[in-house]
1. Relative contact order, percent, of the chain when contacts are C-alpha pairs under 8 Å separated by at least 6 residues?
2. Per residue of the range 167-176, in order, report the coupling 6.51 cos²θ - 1.76 cosθ + 1.60 (Karplus, θ = phi - 60°) as ³J(HN,Hα) in whole Hz, putting x for Gly and Pro.
3. List, in order, the whole-Hz ³J(HN,Hα) value for each residue of the range 179-193 obtained from phi through the Karplus relation with A = 6.51, B = -1.76, C = 1.60 and θ = phi - 60°; use x for Gly and Pro.
4. Pull up all non-local amide H partners of PHE307: gap of 5 or more, or a different chain, and H-to-H distance under 5 Å with H placed in the peptide plane.
5. Sort out for me the Cα centre separation of the range 1-73 from the range 146-176, rounded to whole Å.
6. Once every DSSP H run of n ≥ 4 in the chain is given -39500 (n - 2.57) and the sum is divided by its residues, what mean residue ellipticity at 222 nm do you get, rounded to the nearest 500 deg cm²/dmol?
7. Rounding to the nearest 10 and keeping the result within 0 to 90°, find how far the Cα-based axis of helix 272-295 lies from the longest principal axis of the chain.
8. Once amide H atoms are placed 1.01 Å from N in the peptide plane, what residues at a sequence separation of 5 or more from ARG130, or on another chain, have their amide H within under 5 Å of its amide H?
Amino acid sequence: MPRFPDHLLGDGPTNPFPGIRVLERRLGREIPHRLGSNEGLDMPHDALRRHFGDAMVEHVYCYGDAEALGIRQRLADQQGLPLEAMLVDAGADSLIALALRTVATAGCSVVGTSGTYPTFGYFARGQGCRLVEVAYDEGPGRLAPDLEALLGAARRHDARLVYLANPDNPSGHLHDDDAIRQLRAELPDDCWLLLDEAYHDFREDADGPFSREVLPGVIRLRTLSKAHGLAGLRVGYAIAEPETLAMMMKVRIHYAVSTLSQAAAEVVLDHPRESRAHVAAVLERRQRLADHLRGLGAEVLPSATNFIAIRLPDADLAERINRELLEAGRLIARPANPGLGHVLRITAVEDALVPGRLAILEEALASR
């Protein structure tokens, strides 16, 4: 079993402010009079009401439900996930930081892929961890996190945690379920697997049985930013064994997800057909965008996300295209890591398919 830091073993620390919603559930009754909380309950919010309306303002007075029960109940009903195996926090980024804060200590080794989602490395260094990175597995039609290399690095460096984005950002690659299970099985028993599934909803098998598994020694992260369109409100969730989530709750910010964010998430989750229609539209646009650029000679990598990745012959060409597009007011993504400097990432939004929008890229491809 992967280990937790010594300072989290035992009874504490305990959240000193569980909040009124948690307290009501513990008591089994409503508390109608909030006379002891330092919230702006008497604030008239005239300016906010004029700008946003009364309905929105009603969600800003009070601290949010520290357990985000409404969101978890909806996810449990819709995805078949155990209620006790989910923890809601302020987006996948916050969950990455929370996972590291829960299992890692200053000086311990953590392993990731050089050039993958860089927020993991950012938080790992901020936690004082020793970050060990391995190169991508790159070949014809393939740019993927190298599972064998991650496994080898974890063993050599006595790693506390291995980070894997699956589907990957920025390559879009998806490792199949058996590969993930095998990686977990072959990692050292005391090493955690942090599985970032921010793009999970765009997998063709997103509703498959693997999506509902609670894997020992694994912390899975998902988000409502992409498929549910709530990036600005910051809502994500972790899936892990209840004992692991209990440890995460020891070091979690009490009210990380606002009342407004929770209310909006509940509304969106109450209308799953809208999210499913959005995902279907994204996949259709992704295919059109990929076909269009392949027709111009681009190498478009396989993607299980809401974007496509293009691999160009060299970093200089990718840098020039990216710079000229930005100067023209068109923001795409080029990974900052030098090892992926020849890759460009384009989100499958309708704006990317407007004729002429990517003319600079199209002309560069045509002139090769």
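Throughout, read-outs are computed from the coordinates displayed, never taken from laboratory work. Because the structure is predicted, anything quoted here is derived from the model rather than measured. All Cβ positions, even for glycine, are placed from backbone atoms using ideal geometry, and neighbour counts span all protein chains on display.
1. Relative contact order of the chain: 18 percent.
2. Using θ = phi - 60°, the values come out as x, 7, 10, x, 7, x, 5, 10, 7, 6 Hz.
3. 5, 5, 4, 5, 4, 4, 5, 9, 5, x, 4, 9, 10, 7, 10
4. ALA348
5. Taking the Cα centre of the range 146-176 as reference, the centre of the range 1-73 is 36 Å away.
6. After summing the helix terms and dividing by residue count, I get -11000 deg cm²/dmol.
7. Rounded to the nearest ten degrees, it is 20.
8. HN-HN under 5 Å from ARG130: GLY107, CYS108, SER109, VAL110.
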